[in-house]
Amino acid sequence: MSITLDRRSALPLIGLGVMSGVVGYNMRPDTIPTVLSPVSIMGAKDYSADLLDILYRGVMACGLNVTGKRVLLKPNLVEYDPNTPINTDPRFVAAAVELFRKLGAAEVRIGEGPGHRRDSWAVAEEAGYRELIPDFDKIFVDLNRDDVVAVQGFEEPEFFFSKSLLAADLIVSLAKMKTHHWAGVTLSMKNFFGLVPGCVYGWPKNILHYKGIDSSIIELNRLFPNSFAIVDGIMGMEGNGPIQGTGLQAGVVVMGNDMVAVDSTCCRLMKIDPGKIGHLKNAQHLGYWAATHIEQRGERIEAYAKPFGLMKDFAHLRLDA
Amino acid sequence: MTTETPPLDLAHALTLRREHLTRAQNPDGGWGYFPGKESWLEPTAYAALALHGQPAAQRALELLVRWQREDGAWRANAKVRDAYWGTALMLTLFHSLGRHDAAYAKGLAWLSNLAGSEGSLSVRLVQRFQARVVDQDESVHGWPWRPGNSSWVEPTSHALIALKQSSRAREFAARIAEGESYLLDRRCADGGWNYGNRRVYYTNMSAFPETTALALMALQGRQASELKPSVERALAQLKSTRSGLARTWLTIALRAHGVAFTPPALGGLAPGGDLAVTALELLAQDAGSRVFQVEKKPS
């Protein structure tokens, strides 16, 4: 699909979103919104699908306006193993780059700070990012080794983040749909661990473990409210995620500006109870996890729900278990 | 398909790197991780080692000296004031320059008293739960990235090199032995090292090339037979890795262990113009194995 969007063609869609109670990306309040959170679910059998069209329809369904904004796409790029789908697929990221450019973003960059590997560029190389994402070398910023700026956060007067990250108007969490052997799941919210700079906090970013994984996920999402989630669930990971699990073709993409609602919807698609995931149930001040407060758009959950395998220690997370 | 650049004539490749490094030096005397970025201790220390004897290295040293804290530790850069793992790297730099002055002694004292927080009560309580899923000996301590955090392979390796190089190595023998025990405990089943875990949730972790190299450097002086599987793993990683950073550390480590191998040819500059990798590539071709050499094991 080829999209040619200008302000005139985009405005009716954005207006529709506003009229239907959609909150814009930079309007998410710190308190619970009084309207339902829209989350779009789009089917995508595999990565040969028309990803640009799928992402476009999902983003538009949530009324996102990026015109003139500096957008930073944050994929889940951790480490590479040819035998299992650890990372957000590079074709998925490439489609997102193209989409946000066509939607009128002033700038589209890709930023990531892998938690385990020092050489972010090599991980990008191994994962196919440098080959499959046009202009990758020009738009990538290694969030582990950028200039940093201090902000107040994590109950500390100075907590450092990448200058390029803080310069973005919108952070798009291009997460991977995976189980996680500490947090239960890793989706759009947990993906923000990669925003923390390794050159200050190390590899792994051990300070987040000491501060508590769930509370750190929530704090990172509180610090970066100008965000939008696009979860790559086309090929997810079940079992011993986020690194050593097994690939599972879930065939779905989930999008929305309420990250809690998006991740809760992903959980339901994975047949995991979001109310049992600490960083979701304790993030009421950031968004909704309860289904009654989420307006599902696009495909129905029931049509795509597929039980992601859980390790024995996490069996209690199963929806309706 | 790869985006890696084809190999260059060695002299050309080294000139390219020296010129790139020299051009990228910041007005404050330091280097960022990438051109045009603010100075950080780590790339500045590597560049100072790589350009040893040149005025650029002297300017870098003058900056780094100013970044030492009152407690002897070094900070990461002008903005990040906390004590930092790179203190070990500074001690290695000072040692290579024969600069065993008061600043060096103060840094050495700080480093020798630092350990991972595995021993704290709260951490022990957490580890009672984690013991089911993280299979390792939590009673031995390495060094953390930052005080108050757990031990990890990379900061432990740099700390061990610094302590072993010191003329006070004999005095630190017990701490060095514990650090070595930490590394040997965390060695993966494949012979190399991951970032610090060898087995999680009943599954073996795979070794990373850069941490395997650093751990091997830190374990200089151990019996060759004990390190044989790790050296074999490092040689295999050298052939397969696509990381310029990993290739340089592996080259330096294997040379430090006197292993016969064919070093990888250098191509164009590292992606993004990575200045830490550029400096280490120069070091790997020249003095790297000497800079990180440990003469003998303390007895």
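The values are calculated or read from the model by the stated rules, or taken from the named source; none is laboratory data. For clarity, every value in this text was computed on a predicted model and none was experimentally measured. Positions of Cβ are backbone-derived with ideal geometry, glycine not excepted, and every protein chain shown enters the neighbour counts.
Entry remark, the stretch B:18-34: residues being within 14 Å of chain A (Cβ to nearest Cβ) and surrounded by fewer than 17 Cβ atoms within 10 Å (Cβ to Cβ) number 1 in total.
So that you can scan it fast, the table gives a plain yes or no per residue for (1) closer than 25 Å to A:GLY309 by Cα; (2) free of Cβ contacts under 8 Å to residues at least 40 places away in the same chain; (3) more than 14 Å from every other protein chain (Cβ to nearest Cβ):
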{"residue": "A:TRP182", "(1), (2), (3)": "yes, yes, no"}
{"residue": "A:ALA229", "(1), (2), (3)": "yes, no, yes"}
{"residue": "A:GLY233", "(1), (2), (3)": "yes, no, yes"}
{"residue": "A:GLN244", "(1), (2), (3)": "yes, no, no"}
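Conditions tested, residue by residue: (1) more than 13 Å from the chain's Cα centre (by Cα); (2) surrounded by fewer than 17 Cβ atoms within 10 Å (Cβ to Cβ).
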site	(1), (2)
B:ALA246	no, no
B:ILE252	no, no
B:HIS257	yes, no
B:PRO264	yes, no
B:GLY268	yes, yes
B:GLY272	yes, no
B:LEU282	yes, no
B:ALA287	yes, yes
B:PHE292	no, no
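Scanning the stretch B:194-225 for residues that are hydroxyl-bearing (Ser, Thr, Tyr), out of contact with any Pro (no Cβ under 8 Å at 6 or more places or on another chain) and closer than 18 Å to A:ASN206 by Cβ yields one hit, B:THR211. For the stretch B:2-17, a tally of residues being part of a loop (DSSP other than H, G, I, E, B) and either within 14 Å of another protein chain (Cβ to nearest Cβ) or without any contact (Cβ under 8 Å) to a residue 40 or more places away in the chain (or both) returns 5. Of the residues making up the stretch A:255-268, none is polar (S, T, N, Q), surrounded by fewer than 24 Cβ atoms within 10 Å (Cβ to Cβ) and touching a residue at least 12 places away in the same chain (Cβ under 8 Å). When the residues of the stretch A:125-144 are filtered to those that are facing chain B (nearest Cβ under 8 Å) and under 18 Å from the mean Cα position of the chain (by Cα), the one that is surrounded by the fewest Cβ atoms within 10 Å (Cβ to Cβ) is A:PHE140. Going through the stretch B:198-223 one residue at a time, which ones are over 22 Å from B:ALA88 (Cα atoms), polar (S, T, N, Q) and within 12 Å of another protein chain (Cβ to nearest Cβ)? Across the stretch B:198-223, the qualifying residues are B:THR203, B:ASN204, B:SER206.
Scanning the stretch B:248-265 for residues that are under 16 Å from B:TYR46 (Cα atoms) and touching a Phe, Trp or Tyr at 6+ places or on another chain (Cβ under 7 Å) returns a single hit, B:ILE252. Only one entry in A:SER215, A:SER173 is buried (at least 22 other Cβ atoms within 10 Å of the Cβ) and hydroxyl-bearing (Ser, Thr, Tyr), namely A:SER173. Out of (1) out of contact with any strand residue (DSSP E or B) (no Cβ under 8 Å at 6 or more places or on another chain); (2) part of a helix (DSSP H, G or I); (3) within 13 Å of another protein chain (Cβ to nearest Cβ), what's the single condition that is false for B:THR44? That leaves (1) as the condition not met. Return the pair list, or none, for Cβ contacts closer than 7 Å from residues in the stretch B:99-120 that are without any contact (Cβ under 8 Å) to a residue 24 or more places away in the chain to residues that are surrounded by fewer than 20 Cβ atoms within 10 Å (Cβ to Cβ), at least 6 apart or on different chains. So the pair list comes out empty. Any residue at all in the stretch A:198-219 that is within 14 Å of chain B (Cβ to nearest Cβ), under 16 Å from the mean Cα position of the chain (by Cα), closer than 24 Å to B:SER206 by Cα and modelled with pLDDT of 95 or more? No, that holds for no residue. Of everything in the stretch B:79-109 that's in contact with a Leu (Cβ under 9 Å, 6 or more places away or on another chain), small (Gly, Ala, Ser) and not in a helix (DSSP H, G or I), which residue is surrounded by the fewest Cβ atoms within 10 Å (Cβ to Cβ)? My answer is B:ALA83. When B:GLU70 is tested against (1) in contact with a helix residue (DSSP H, G or I) (Cβ under 8 Å, 6 or more places away or on another chain); (2) surrounded by fewer than 24 Cβ atoms within 10 Å (Cβ to Cβ), only condition (1) is not met. Can you find even one residue in the stretch A:27-41 that is more than 16 Å from the chain's Cα centre (by Cα), modelled with pLDDT under 95, assigned to a helix (DSSP H, G or I) and more than 14 Å from chain B (Cβ to nearest Cβ)? Yes. Can we say A:GLY278 is away from chain B (no Cβ under 14 Å) and either free of Cβ contacts under 8 Å to residues at least 60 places away in the same chain or buried (at least 18 other Cβ atoms within 10 Å of the Cβ) (or both)? Answer is no for this residue.
Taking each residue of the stretch B:237-251 that is in contact (Cβ under 8 Å) with a residue 60 or more places away in the chain and looking for partners that are among the small types (Gly, Ala, Ser) and surrounded by 23 or more Cβ atoms within 10 Å (Cβ to Cβ) with beta-carbon atoms closer than 9 Å, six or more apart or interchain, yields B:ARG242/A:ALA122. Residues of the stretch A:281-321 that are loosely packed, with under 15 Cβ neighbours inside 10 Å, charged (D, E, K, R) and modelled with pLDDT of 95 or more: A:ARG300, A:GLU302. The test for being out of contact with any Cys (no Cβ under 9 Å at 6 or more places or on another chain) and either surrounded by fewer than 24 Cβ atoms within 10 Å (Cβ to Cβ) or within 14 Å of chain B (Cβ to nearest Cβ) (or both) holds for A:LEU166.
Candidates in the stretch A:42-71 are the residues that are of a type in the set (D, E, K, R) and assigned to a helix (DSSP H, G or I); of these, the one that is nearest to A:GLN296 (Cα to Cα) is A:ARG57.
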